[in-house]
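The values are calculated or read from the model by the stated rules, or taken from the named source; none is laboratory data. All values derive from a computational prediction rather than experimental measurement. In this analysis, Cβ positions are derived from the backbone assuming ideal geometry, glycine residues included, and neighbour counts consider all displayed protein chains. Surface areas here come from the heavy atoms of the whole protein model, side chains and all, with no ligands, DNA or RNA. Shrake-Rupley method; radii C 1.70, N 1.55, O 1.52, S 1.80 Å.
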Amino acid sequence: MFKNGGLLYKDYQAHFMVMERSRDPKTHEVRYPVKRTLPGGETDPAGMEIDLWVRSKESNNKNFPPLETFVHLFWDEVTWR
């Protein structure tokens with residue numbers, strides 16, 4: 001993972017996904033699995049979002065999730081060109 005051309009994390013596990021919108025566009029609240037109010041049940045097929053997770057192998061039970069390093073970035077506005 002890089003930031004402004006500088007290496008932040010090397011040899012970390014990563015997960016990247018593009019999916020139907022699962023967050024409220026104003027509050028960013030994730031409604032599922034309890035509140036199913038979106039047109040697709042848990043997701044809104046009219047919107048897209050991108051999630052990126054970067055995590056260390058080392059655990060740390062003082063953190064949530066219990067990892068030494070966990071970075072979760074999401075983009076709730078996706079434009080395909």
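Annotations
- Within the stretch 1-13, considering residues that are open to solvent by less than 80 Å² (accessible area, probe 1.4 Å) and in contact with a strand residue (DSSP E or B) (Cβ under 6 Å, 6 or more places away or on another chain), the one farthest from E49 (Cα to Cα): Y9
- The stretch 47-77, subset of a type in the set (K, R) and in a loop (DSSP other than H, G, I, E, B), residue surrounded by the most Cβ atoms within 10 Å (Cβ to Cβ): K57
- Cβ-Cβ under 8 Å pairs, at least 6 apart or on other chains, the stretch 38-52 side within 14 Å of H28 (Cα to Cα) and modelled with pLDDT under 75, far side open to solvent by 50 Å² or more (accessible area, probe 1.4 Å) and assigned to a strand (DSSP E or B): L38/R21
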